[in-house]
Amino acid sequence: MKHKEKSLKCKMKLLKHIIPLLVLFAVWGGIALFCWLKPEDDFSVSERRRLASLPAMSVDSVLSGEYFRDFEEYSLDQFPLRDAFRVLKSVSEFYLFGKSDNHDIYISDGYAVKIEYPLDKSSVRSAVKKLNYLYETYLSDVSGNIYLSVIPDKGYFSAEQTEHPAMDYQALFDIVKEGMPYAKYMDVTSMLELSDYYKTDSHWRQEKIRDVAEYFADSMGASVSGKYEEHVVEKPFYGVYLGQAALLLENDRIHYLSNDTLEKCTLYNEETKETTGLYHFEKLESRDMYEIYLSGASPLLSIKNPIAEKEKKLIVFRDSFASSLIPLLAEGYSEITLVDTRYMSPTAVGDYVDFAGADILFLYSTTVLNNSETLR
């Protein structure tokens, strides 16, 4: 009897060790099977990037270790419920363990803010040098006026309050102004605040920058009514910071402004050879809904206003912030040309743009100037 009881206890003890192992093997086996059987995901919507595919195996790639490096990247990118686990990890670190930021993104009053630090003075000077090339090559003899403005990123309004690091913005502004003395500087910092930007994205909101547009128009001698009908897109907008931070944030809504004049304006895209309206509603189904404004990133665009009160032209050297602002200036000009030298070689600009009689606006964000390798 004692022998049977002892044998039963041994079996129970053995089972206590075996069952957790079986459960563990079942879980990992199920995950492994799921990994192999599920279709590959080509793109991460939340991170806005392509995901790694299963690498091809060869003798050379195995011996060099390249195959195993690529396979590790593939396994991380294609892991089941990857986005859910990313959110769980980020939320735990940020809210449970009190981490101040996640992937250099922090939250200020419900707004996701990217840490832009430190100020790279050499990068800003490089940006100024590239813009000076445009001036010296095409603009030094033009009869029109030249204007300049720098758009601050969200850290300008939040870093001090949240005690997060931020670049020396004043030093950046000074480098740009001193390096481009031929341009009249238009300071917009006092006209903006954190709520003028999207909560989950880096860009400013069109419906919040009417005063900025009116200030630019007044400063450049253009006439805009400032009267618009505001439209709200029902589909939620999830900006670039939502996926990068993998945090639980309230989604945004895209607003766009229109009036009779803006609806009559046309937009010509030199790259696609298409003529459309100022707003591209099909972009609301794209990965970045902000591209509704002037069709998003493009090397060269031209806006024509057929009912302009007078012949007045504007040429804008710009980044993506201009996409939502420039439609609000369209009333004041017969033609506006937008040049983005992130996608167009400065040496080719003269082949497509006629500078005669046009005013010039250099309009760039602090983020692009502090990372000027994006400019050609």
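When Rg and Dmax are taken over the Cα atoms of segment 322-376, they come to 12.6, 34 Å.
As a fraction of the 1.4 Å probe accessible area of segment 301-376, surface on carbon and sulfur atoms comes out at 45 percent. Would you mind checking Lys184/Lys304; Lys129/Lys312; Lys177/Lys235 for any pair whose Cα atoms are more than 31 angstrom apart? Too far apart for the 31 Å limit: Lys177/Lys235. Pairs from the list Lys208/Lys283; Lys130/Lys208; Lys199/Lys283 with a Cα-Cα gap above 27 Å: Lys130/Lys208. Per the Cα gyration tensor, segment 123-264 maps to an equivalent ellipsoid with semi-axes of 29, 24, 14 Å, ordered largest to smallest. Please work out whether segment 219-313 counts as rounded, prolate or oblate from its C-alpha gyration tensor, where a ≥ b ≥ c are the square roots of the eigenvalues and a/c under 1.5 means rounded, while otherwise a/b larger than b/c means prolate and anything else oblate? Prolate, because a/c is 1.5 or more and a/b exceeds b/c.
What share of all Cα pairs of segment 99-157, in percent, falls into each consecutive 10 Å distance bin? The distribution over segment 99-157 is 17, 33, 25, 17, 8, 0, given as percents. Evaluated on segment 273-343, the Kirkwood hydrodynamic radius is 12.5 Å, with distances taken between all distinct Cα atoms.
The values are calculated or read from the model by the stated rules, or taken from the named source; none is laboratory data. Note that the structure is a prediction, hence the values are computed from the model and not measured. For accessibility, only protein heavy atoms count, side chains too; no ligands or nucleic acids. Shrake-Rupley method; radii C 1.70, N 1.55, O 1.52, S 1.80 Å.
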